[in-house]
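This report concerns only the one structure given below.
FYI, it's all coordinate maths here, none of it is from the lab. This is a predicted model, so every value here is computed, not measured. Glycine also receives a Cβ, built like all others from the backbone with ideal geometry; neighbour counts cover every protein chain displayed.
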Amino acid sequence: MSATSAGAASPPTAPSFYKATIGKKVVMALTGTVGAGFVVVHMAGNLGVMGGAESFNRYAAFLKTSMLVLWAARLVLLGSVVLHIRAALQLYALKAAARPVPYAKKAYRAATPASRFMIWSGSALGAFLVFHILHFTTGTLHPSFIEGNVFHNVTSEFQKPLIAGVYLVSMAFLFLHLRHGLYSLTQSLGLSHPRYVNTAKLVANALAFVVAAGFASVPLAVLTAVVR
Ligand code: HEM
């Protein structure tokens, strides 16, 4: 029997592939926007650690004023993360199915190194997020966790170079993921124009850098004893 006989799956046609992918890309763009909005706000809040224990702990307590609002925000965020990962995996599977026989020599065209790296940077961020919540939110992985004393929880851990290093490497992944994600979402949502491609790339890079550098300044400030 030849390899092309009945029963073998035929590769999808270009239009059906396009239809199948665009919806998922829009889901990725919208859920990614929710995630990006969260990291901007979370990063700005974290800079409050520079103001000392009292004000930072007060800010953290303020965020828990209404459990209803807190859990509503958590559910929106969790739902967005789940849908984002689901769409990413489906797109990845579609791409693989569209080209079941691997190229002898991989010749990427539209895909930039950044876009190919998204699945890796995204996986690293997913692993970071699980660790981070068990570390600072539930305290499960924190050796001296004190409920309500967020300043202590953060500063006691970032004095350890290994922990600070894990966060700094994760922020490098966040930068790489965010810079490409922010640029791609302008395309997925139809907001791109050939004339503004470079501007969109510049804005995405700048925003991703500000967010990642803002986060990174927290472990760096503790590690260098600027904050104690
Ligand atoms: C150096 C970087 C970061 C620091 C110092 C930091 C700090 C914290 C702290 C202290 C908490 C616990 C807050 C509390 O219980 O009151 C927290 C929670 C959280 N962080 Fe971060 N964070 C960082 C980066 C990130 C990043 C990059 C993300 C997302 C990709 C993220 C997502 C979250 C989430 C989802 C929670 C749980 C919020 C909740 O439901 O209560 N964090 N973070």
*For helix 161-188, report the angle its Cα long axis makes with the longest principal axis of the Cα atoms of the chain; keep it between 0 and 90° and round to the nearest 10°.*
50
*asked:* Assuming 0.36 nm per residue, please report the length gained on full extension of the stretch VAL226 to THR138 beyond their Cα-Cα distance.
replied: 29.0 nm
*Filter the cross-link list LYS64/LYS160; LYS24/LYS201; LYS24/LYS160; LYS160/LYS201 down to pairs whose alpha-carbon distance in this structure exceeds 32 Å.*
LYS24/LYS160; LYS160/LYS201
*asked:* Taking the alpha-carbon distance from LYS25 and a cut-off under 14 Å, which aspartates and glutamates remain once sequence neighbours fewer than 8 residues away in the same chain are dropped?
replied: none
*Once you have the Cα-Cα distance between TRP71 and LEU207, take 0.36 nm times their residue separation minus that, and quote the gain in nm to one decimal.*
46.2 nm
*Mind checking the angle between helix 67-98 and the chain's longest principal axis? C-alpha axes, 0 to 90 degrees, to the nearest 10.*
30
*Could you work out which residue, out of VAL130, VAL210, VAL39, moves most in a Gaussian network model of the chain, that is, has the largest mean-square fluctuation with Cα springs under 10 Å?*
VAL130
*Would you be so kind as to identify which of VAL226, GLY23, MET118 lies farthest towards the positive end of the dipole of the chain, taking Lys and Arg as +1 and Asp and Glu as -1 on Cβ and the Cα centre as origin?*
GLY23
*Grab the beta carbon distance between THR199 and VAL41, set R0 = 22 Å, and tell me the FRET efficiency rounded to 0.05.*
0.35
*Compute the acute angle (0 to 90°) between the alpha-carbon long axis of helix 14-46 and the principal axis of greatest extent of the alpha-carbon atoms of the chain; round to the nearest 10°.*
10
*Given VAL39, LEU162, LEU189, which one lies farthest toward the positive end of the charge dipole of the chain, if we put +1 on the Cβ of every Lys and Arg and -1 on the Cβ of every Asp and Glu?*
LEU189
_Value of [θ]222 nm, deg cm²/dmol, for the chain, DSSP H segments ≥ 4, -39500 (n - 2.57) each, nearest 500_ = -24500 deg cm²/dmol
*Relative contact order for the chain: what is it in percent, counting Cα pairs under 8 Å that are at least 6 residues apart?*
29
*Charged-residue dipole, Cβ positions (Lys, Arg, Asp, Glu), the chain about Cα centre, Debye nearest 20*: 940
*Work out how far the C-alpha atoms of the chain reach from end to end along every principal axis, then list the three figures in whole Å, largest first.*
72, 43, 37
*Select from ILE133, ILE146, ASN198 the residue farthest towards the positive end of the dipole of the chain; place +1 on Cβ of Lys and Arg, -1 on Cβ of Asp and Glu, and compute about the Cα centre.*
ASN198
*asked:* How would LEU182, LEU83 line up from fewest to most surrounding beta-carbon atoms within 10 angstrom?
replied: LEU83, LEU182
*Could you compute the FRET efficiency for LYS64 and SER115, with r as their C-beta to C-beta distance and R0 at 45 Å, rounded to 0.05?*
0.75
